[in-house]
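Here's the structure, in structure tokens; my notes come after.
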Amino acid sequence: MRGVVVAVEIDARTVAVGDQVMIGGQGFVVRDLTALGAGRKRLEFETGETFVMNRATVLWAARRHDPRISRGRPGRPRGPKLLTVYLSPMPLE
């Protein structure tokens, strides 16, 4: 698997399969998600345990992110690309 692990703040809208969620100081890996209505989701973990996230529940999770892959919305226009140039001092002759 490529990429780096980053800490992200998640809620019921943004949680994803594969997220490593911290609950009560214990880490759990999300195996499956089920939408329950009213903005809630039931998370099933690799251990077989379940957890219901309400709309307002906010957790921290570790998520693998590959910085080489663009995560922008498809079809959304992007601004101009900026080019950063680093110059080292060189004598001019």
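Readers should treat all values here as calculations from the given coordinates under stated rules, not as data from a laboratory. Quick caveat: nothing in here was measured; it's all calculated off a predicted structure. Neighbour counts are summed over all protein chains in view; Cβ atoms, including those assigned to glycine, are modelled from backbone coordinates with ideal geometry.
What value does the stretch 1-51 have for Rg/Rh, both radii from Cα atoms and Rh as Kirkwood defines it? If you can, show how the numbers build up before the last one.
Details: Rg = 11.3 Å, Rh = 11.7 Å.
So for the stretch 1-51, dividing Rg by the Kirkwood Rh gives 0.97.
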Amide H neighbours of Ile23 under 5 Å, at least 5 residues apart or on other chains, H built in the peptide plane: list them.
Phe28
Extension gain (nm, one decimal) between Val4 and Ala16, 0.36 nm per residue minus Cα-Cα
2.7 nm
Fewest to most neighbouring Cβ within 10 Å: what's the order for Asp32, Asp19?
Asp32, Asp19
